[in-house]
Structure formats: C-alpha cells, structure tokens
Amino acid sequence: MVLKSVDFSQFLSEDSGIPFDIKFEVVEEVYDEFTNEKLEVDRKTVEAHRLLLSAASPVFKQQFFGKMRSRKHHFEIKETNIRAFELFIQIIYGAENLNLDIKVMFEILDLADFYIIEPIKGKMIDAIRSKITFENLKTIADAASTYMHHEELASRMLKNCGKFLQSNLGSSDQILDFLKDELMEPELIDKIIDLKCENCDYFECKDNMLATFPEHKPLRPGVKVKKWIRTGGETQMLECSISKVSLAPIPPNLRLNMQIDGGEIVLAVSDGSEMRLPLKKMSNNEFDHWYSSPLSSANFLSTGGMIFRCKD
C-alpha cells in the first residue's frame, strides 16, 4: 500500500539518493540510400534502475533477472530516437504532463509494444486519438498500417480514425470520399471501413444503447434491436429487427418523447409477427446514447424503449 503513494519519477534525478544501476546507449541512425547502410548521427546514455524497469516490463525482467539474464550493465539501443527513449523511461517512472508530438508518440508506442508494457501502449493510443485532425489522419492511419503485425494495436488506431471521421462527417459516403481524396491505399480504406459494427453501423459499437438515429440517417432494414413493451403490469423484451422507417415532417415546437404524425417504425419480431410503432422525437443528450458535436442540434428519432442488439 505504501508503494502506491511513492512518486517514482523522483528517482530519475542523479541526486535522488538511489544510484542508477543500468545504462542504455541510445544510438540514432539514418539510412543512406546510396550506400545501403545505416549511418550513426547521434548517441546518448540514458540511465535507469533494473528493478523498476523489470517491475514494469516482462521483457526487462527476463533480460535482467531471468534464467538467461545478462550480466552487463550497459546496453545499446537502436531503431528508435534519443528523445523517444528518454521519454519512454520517464513514463515508466510515472512522469506526467510531458510535451509529446505525434511522431514521438508513435516511437513510444513502438517501444511499449516491444517491451510489452500495456498501460503505456493504451496511454499512447489514447493520446494519439486526441490529436487526430483531418490534416494528420492519413499520417496516423499510414503509421497504424506499420503495426499490422500486431492486429489488435493496428485495429485500435484505425478504429480511432474511423470514430473521428464519423463524429465530424457522419455519413458513410462522406467518410469514403474523404479517404479516397486523401489518396489512401484501397486496402487501408477497406480496413478502416470494415471496423464499423455490422449491425449499428458505428465504429464504436452501440450494443445495448438506445437505438436512436438522426433524422437524416434512418436505421436501415435488418438492424437488430430489442424492444421493451409493457402489457398490463408486466414488461416484456422482444428481439426484433428493423423492417422499415417512415419519416414525416417534425413540427419545430414538438416536445421530447412526443409522437410525430405520419412517422412510423415497422419491426419484425423474432416470433414472426410484426409491430408498427409511431416515431417519437428523442433526446440528443450525449449521456442518453451516442453523440457527436456536429449533431448537437439535430433531431433524433426512435420509438422509445428500443436498444441496439449487436451481440447475440
């Protein structure tokens, strides 16, 4: 319990009172296309503590304390850059509020992947996600493709790209047009598009969330949902799929949960029967269902008491 309250970043300082017992010689190289060789451009020594690194990484643990452990106290590090490795070590020690650019984030992500440190991998993926813009999305998606050997890692990054586009563009056609305009490889475009849930059609699956939709994008036929109905004093849940959505004009002063004259959802129930239910104007509050800022003023519709059934 005491260790949880310790700020281990204090031990990054040479005067912390606990001497370093391991050194990494980080070597930066560039590839010379004329000689087909790598040329050294810089190097720097980064010091740390074996025990702390081993506590964070099974790779370090095996390297320093495993059956085939090395007796060396000095290791050479290549295939990364000095700043990224320094920051990687600082993050292991718990340093926060570091100034990281996209390139460094990917370098640290690569290091965390190699040394199998899941918390840092997750932290870098989330940090990269928060930096996604229309201008750098292609760069991030291309970088994700370099992690295709690590399918889960690549999928998480590409899914974040898709979620960004869905939040800021909306329709699948607009997303596809943007990806094509960015001259992305068709295979990469397919990977991004394929990450959408086949049922609710969102990059972040909305299973068991309220099945509402903006009026410009009605639920398509075949979407699986659950519909709660009340009969007498009992509530029953029916497994259904969308058969048809009929839209109608929405009066500007219509209150929430009020029916829309002429609007209807037709549900095919799993027992073979059919239900015709009136469309209602629903809340577009982000805590009620999915939400994206461009849709903050859109009319959301549903029949009420209906949730997505994406996972059987």
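The values are calculated or read from the model by the stated rules, or taken from the named source; none is laboratory data. Since the structure is predicted, the reported quantities are computational estimates derived from the model, not experimental observations. Please note: Cβ atoms are built from the backbone with ideal geometry, for glycine as well, and neighbour counts cover all protein chains shown. Only protein heavy atoms, including side chains, enter the accessible area calculation; ligands, DNA and RNA are left aside. Shrake-Rupley method; radii C 1.70, N 1.55, O 1.52, S 1.80 Å.
Scanning the stretch 14-37 for residues that are open to solvent by 50 Å² or more (accessible area, probe 1.4 Å) and among the hydroxyl-bearing types (S, T, Y) turns up Y31, T35.
Filtering the stretch 232-252 to residues that are among the polar types (S, T, N, Q) and touching a Gly at 6+ places or on another chain (Cβ under 7 Å) leaves S241, S246.
Here the strands (runs of 3 or more DSSP E) wholly within the stretch 236-302 that include at least 3 residues being more than 35 Å from the chain's Cα centre (by Cα) and either at pLDDT 90 or above or within 13 Å of T212 (Cβ to Cβ) (or both) are 259-269, 274-282.
The condition (being in contact with a Leu (Cβ under 9 Å, 6 or more places away or on another chain), hydrophobic (A, V, I, L, M, F, W, C) and open to solvent by 50 Å² or more (accessible area, probe 1.4 Å)) is satisfied by just one residue among L247, L183, L195: L247.
Evaluation of K226 against the conditions (1) closer than 20 Å to M157 by Cα; (2) touching a residue at least 12 places away in the same chain (Cβ under 8 Å); (3) basic (K, R); (4) not in a loop (DSSP other than H, G, I, E, B) shows that the sole unmet condition is (1).
Okay, residues lined up against (1) within 25 Å of Q166 (Cβ to Cβ); (2) surrounded by 14 or more Cβ atoms within 10 Å (Cβ to Cβ); (3) out of contact with any strand residue (DSSP E or B) (no Cβ under 7 Å at 6 or more places or on another chain):
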| position | (1), (2), (3) |
| --- | --- |
| T212 | yes, yes, no |
| G222 | yes, no, no |
| V225 | yes, yes, no |
| E234 | no, no, yes |
| L238 | no, yes, no |
| L256 | yes, no, no |
| Q259 | no, yes, no |
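Looking across the stretch 1-37, the residues that are part of a loop (DSSP other than H, G, I, E, B) and closer than 21 Å to I82 by Cα come down to S13, E14, F20, D21.
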